[in-house]
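What follows is one structure encoded as structure tokens, with my remarks underneath.
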Amino acid sequence: MRIYWITWAVLLAFTVVMLWADGAAIPRAAFLVFMIAAMLTKASIIAGNFMHLRSERAGLVATVVIGLLVTGLVLYVLIAPDAARIHTMVGAQ
Amino acid sequence: MAHAAGQTIDRWNGGVCPFDAGWRKVMMWWFIVTDGLLFAGFLASYGYARILAFHWPNQSSVFSLPYIAAMTFVLITSSATMASAVDATRRSRLRASLPFVLLTAAGGAIFLGMQAFEWRHLIEAGARLNTNPWGDASFGAYFFLLTGFHGLHVLTGVTVLATTAVRLAKGLSTAEGVEMAGLYWHFVDLVWVFIFTLFYLV
């Protein structure tokens, strides 16, 4: 049971650091990289420790993680350049 | 033919149970993946609108971030109590898991109350699905869509947890039942991590 409360403390610590970073004067690119890295770390801690994905069979872990991450990434990567293009196009008018 | 089938089974090393998990758990994971993809679609759509927008509101001037952090605290704490409940059932202490399940349900109810208060505050300030006083019109739509859909999941989770608690009290629930409720609850927490970061902070 101890591991769950250590996980809880780590997640809270991440949340506090993310809030601190939100108010700190950090360059936008570095801020985005930090936030996304912290978000993915928190998500993997929850999935690994709370959802016990760490102790599941590799096939199940791969199906869940690759399925979600790759599809999510494809969804975003396919449409984001289009949004940027329209943004630039409208801005130029 | 039988030999070929045997080789296939050996390669997968799982026989009739390739994931080495019961059908309930596998189905719950499939549900989590599909529901996660739904949220991924919403968040990708939000990302699109965000890049497209010229005047996206500054979140720290719209929301009280310490308040949102408190909501996050409640949800993370409820995840820890749920994990403790599942742990107790794994040690064959079904009755001992009841207080943890109740605490988790209470955490979910508190989160919903806090979200209702936040919604009321924003609606009073003029936020609507198609307009808001702070900037790009789609801000309100994405706020209500993302937090509303997540809130609906929390409400479902609280209902599942309340049912599990009643079944535990009556001695009807199994360790697997508590574990399934736990998987769903942690998924709700997991989704909040993405919404909290991408919508409230970034």
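Coordinate-derived values only; no laboratory data. Given the structure is predicted, the values throughout are model-derived calculations rather than measurements. All Cβ positions, even for glycine, are placed from backbone atoms using ideal geometry, and neighbour counts span all protein chains on display.
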Using θ = phi - 60° and the Karplus form 6.51 cos²θ - 1.76 cosθ + 1.60, what ³J(HN,Hα) does each residue of the range B:178-194 get, whole Hz, x for Gly and Pro? 5, 5, 5, 4, x, 4, 5, 5, 5, 5, 4, 5, 4, 5, 4, 4, 6
Quick one: what are the phi-derived ³J(HN,Hα) couplings along the range B:147-160, Karplus 6.51/-1.76/1.60 with θ = phi - 60°, whole Hz, x for glycine and proline? 6, x, 5, 5, x, 4, 5, 5, 4, 4, x, 5, 5, 4
Determine the principal axes of the Cα atoms in the range B:21-201, then give the extent along each, sorted from largest to smallest and rounded to whole angstroms. 56, 29, 20
So for R0 = 30 Å, FRET eff. of residue B:116-residue A:40 from the Cβ-Cβ r, to 0.05, ends up at 0.50
What is the average number of partner chain Cβ atoms found within 10 Å of a Cβ in B:138-144? 0
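Within a 10 angstrom radius of each residue's Cβ in A:56-67, how many Cβ atoms of other chains show up on average? Whole number is fine. Walk me through the numbers before you get to the answer.
Details: counts 5, 7, 2, 7, 8, 2, 0, 6, 6, 1, 0, 6.
Mean number of neighbouring Cβ atoms from other chains: 4.
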Could you tell me which of rounded, prolate or oblate describes the protein assembly as shown, using a ≥ b ≥ c as the square roots of the eigenvalues of the alpha-carbon gyration tensor, with rounded for a/c under 1.5 and, failing that, prolate when a/b is larger than b/c and oblate otherwise? oblate
Using a basic spin-label model with each label point 7 Å from the Cα along Cα→Cβ, how many nm lie between residue A:24 and residue A:10? 2.0
For the range A:42-84, shape from the Cα gyration tensor axes a ≥ b ≥ c, cut at a/c of 1.5 then a/b versus b/c, turns out oblate
Could you work out [θ]222 nm for chain A from helices alone, using -39500 (n - 2.57) per DSSP H run of at least four and dividing by all its residues? Round to the nearest 500 deg cm²/dmol. -28500 deg cm²/dmol
Note down, for the range A:1-55, the three equivalent ellipsoid semi-axes (square root of 5 times each alpha carbon gyration tensor eigenvalue), biggest first, whole angstrom. 26, 13, 5
Of the peptides A:80-88, A:25-33, how do they stack up when ordered by the mean number of other Cβ atoms within 10 Å, highest first? A:80-88, A:25-33
Using a/c under 1.5 as the rounded threshold, could you call chain A rounded, prolate or oblate? The axes a ≥ b ≥ c are square roots of the C-alpha gyration tensor eigenvalues, and prolate needs a/b larger than b/c, oblate otherwise. oblate
Could you list which residues have their amide H under 5 Å from that of residue B:135, counting only those 5 or more apart in sequence or on another chain, with H placed in the peptide plane? none
Sort A:3, A:45 so the one with the fewest other Cβ atoms within 10 Å of its own Cβ comes first. A:3, A:45
Charges only on Cβ, +1 for Lys and Arg, -1 for Asp and Glu: so what's the dipole of the range A:1-88 about the Cα centre, in debye to the nearest 20? 160
If you average the sequence gap of Cα pairs under 8 Å that are 6 or more apart and divide by the length of chain A, what percent do you get for the contact order? 25
